[in-house]
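Undergrad: Sending over a structure as structure tokens; questions will come in a sec.
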Amino acid sequence: MSITPSATALQEAEDIADGDAPGLRRGSRRRKQGGNMAKQYPMWFYLPAGILFIVLFIVPTIASFYFSLTRWSLFDIQFIGFANYVQFFKEPALVQGFTNTFIFGFVTSGLKVVLGLLIALLLTGRIIGRTFLRAVIFFPVLVSTIGVGITFKVLMDPFDGLINKTLAVFGIQGPAWLTDPSLAIYSVAMVDVWRGVGLATLIYIAGIVAIPQEYFEAAKVDGASAWHSFWNITLPLLKPATVTVIILSLIGGLRSFDLIWAMTKGGPGFSSDVISSVIFKQYQAGFFGLSAAGNVILFLVVTAVIVPIFWALNRKQVEQ
């Protein structure tokens, strides 16, 4: 009975004869095959995605920058340089809008992080009705923002609103939630936290259940208390979830418009105006170029705030 050596065996024999280890040679051949496949991958395969990206993102972005330098209507365009930006910064409501934008963004983001983490810790514990409570917390995320705004506008009415009537039962005189200039922006921020904390809770729950239980069991064997387990195990391992919640809620807060418009329309006066509502008011007044300049300013503000925070938080994760 004759035995015919296979092609692989012959190749390995040749590798040995050449002084190369068979495994290394096979790895080299696979890398070459992968490189050849990459070279053979047709560039036109990227063409549909590239066209969509250019049409849907690049062109509108460039058009926005161009229109922000013009005074334009549907029938006429006049290039005026940076005059729209100069005029935009002269608007009396802009400084208030800038301040309110940062207050709204950082207050809502901070509260969503803290409340989302606490609620997630509660809903991952052994409590009765845990699944039902998770659904209740997440339900406001599914509701229309405009619907939430209109509902809370009725509930926060200083005279006939259910909130102040409930407080009156306990002898407490409720404030003018939406008509007090010093309180309006914070009232809207609380509603935004109520509506968005469900998403933060969901992200934290996913992060908590992904932590291996062996860590907690080992800490318990070593005599660690619940607080030490939370501080030294849960909180460090939840940093990716925390970064996600901070970035998402901060971007949403800085760009927020619909809830503020539904509840106060930027009022009373300009007390609850944010950059987005200022832009919309300019658009309503027919100053389209000025509105485009406001959009560019909002884009630059959000980028200037988010990119350094995102870079710093991710850098800390990599270092750890």
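The values are calculated or read from the model by the stated rules, or taken from the named source; none is laboratory data. Keep in mind it's a predicted model, so treat the numbers as computed, not measured. Neighbour counts are summed over all protein chains in view; Cβ atoms, including those assigned to glycine, are modelled from backbone coordinates with ideal geometry. Ligands, DNA and RNA are stripped out before the accessible areas are found, and what is left, the full protein with its side chains, is counted by its heavy atoms. Shrake-Rupley method; radii C 1.70, N 1.55, O 1.52, S 1.80 Å.
Undergrad: Considering only 116, 253, 269, give the residue with the highest GNM mean-square fluctuation for the chain, with springs between Cα atoms whenever their separation is below 10 Å.
TA: For the chain, modelled as a Gaussian network with Cα springs under 10 Å, the answer is 269.
Undergrad: Report the chymotrypsin sites (Phe, Trp or Tyr not before Pro) located in the range 207-313 that are in a DSSP loop and have at most 13 other Cβ atoms inside 10 Å of their Cβ, or state none. Let's see the in-between values first.
TA: On the way: sites: 215, 216, 227, 230, 231, 257, 261, 270, 280, 283, 287, 288, 299, 310, 311; in loops: 257, 270, 287.
Passing both the DSSP loop test and the Cβ count: no residue.
Undergrad: How about the range 95-182: which chymotrypsin sites (Phe, Trp or Tyr not before Pro) there are in a DSSP loop, with at most 10 other Cβ atoms within 10 Å of their Cβ? Provide the component values of the computation, followed by the final result.
TA: Details: sites: 98, 102, 104, 106, 132, 138, 152, 159, 170, 177; in loops: 159, 170, 177.
Taking the range 95-182 and a limit of 10 other Cβ atoms within 10 Å, the loop chymotrypsin sites (Phe, Trp or Tyr not before Pro) found are 159, 170.
Undergrad: Turning to a different aspect of this structure: For Rg and Dmax of the Cα atoms in Å, several values are listed as [x] 28.9, 104; [y] 24.7, 84; [z] 23.7, 85; flag the one computed from this structure.
TA: Looking at Rg and Dmax of the Cα atoms in Å for this model, the match is [x].
Undergrad: Please list the non-local residues whose amide H lies under 5 Å from the amide H of residue 70, H modeled 1.01 Å from N, same-chain partners needing a gap of 5 or more.
TA: Sorted by chain and number, the residues that satisfy this are 80.
Undergrad: Starting at the first residue of the range 184-194, write each ³J(HN,Hα) from the Karplus equation 6.51 cos²θ - 1.76 cosθ + 1.60 with θ = phi - 60°, in whole Hz, x for Gly and Pro.
TA: 4, 5, 6, 5, 5, 4, 5, 5, 5, 5, 4
Undergrad: Let me ask something else. Test of understanding: given the chain, find the longest segment containing no trypsin sites (Lys or Arg not before Pro) that are in a DSSP loop and have at most 14 other Cβ atoms within 10 Å. Numbers along the way, then the final one.
TA: On the way: sites that count: 126, 265.
Result for the longest clean stretch: 127-264.
Undergrad: Given springs between every Cα pair under 10 Å in a Gaussian network model of the chain, which of 54, 80, 208 has the largest fluctuation?
TA: 54
Undergrad: Would you mind telling me which residue in 128, 62, 309 has the biggest mean-square fluctuation in a Gaussian network model of the chain, where springs connect alpha carbons within a distance under 10 angstrom?
TA: Comparing 128, 62, 309 in a Gaussian network model of the chain, the most mobile one is 128.
Undergrad: On to the next question. So, for the chain, what is the accessible surface per residue at a probe of 1.4 Å, expressed in square angstrom?
TA: Result: 63 Å² per residue.
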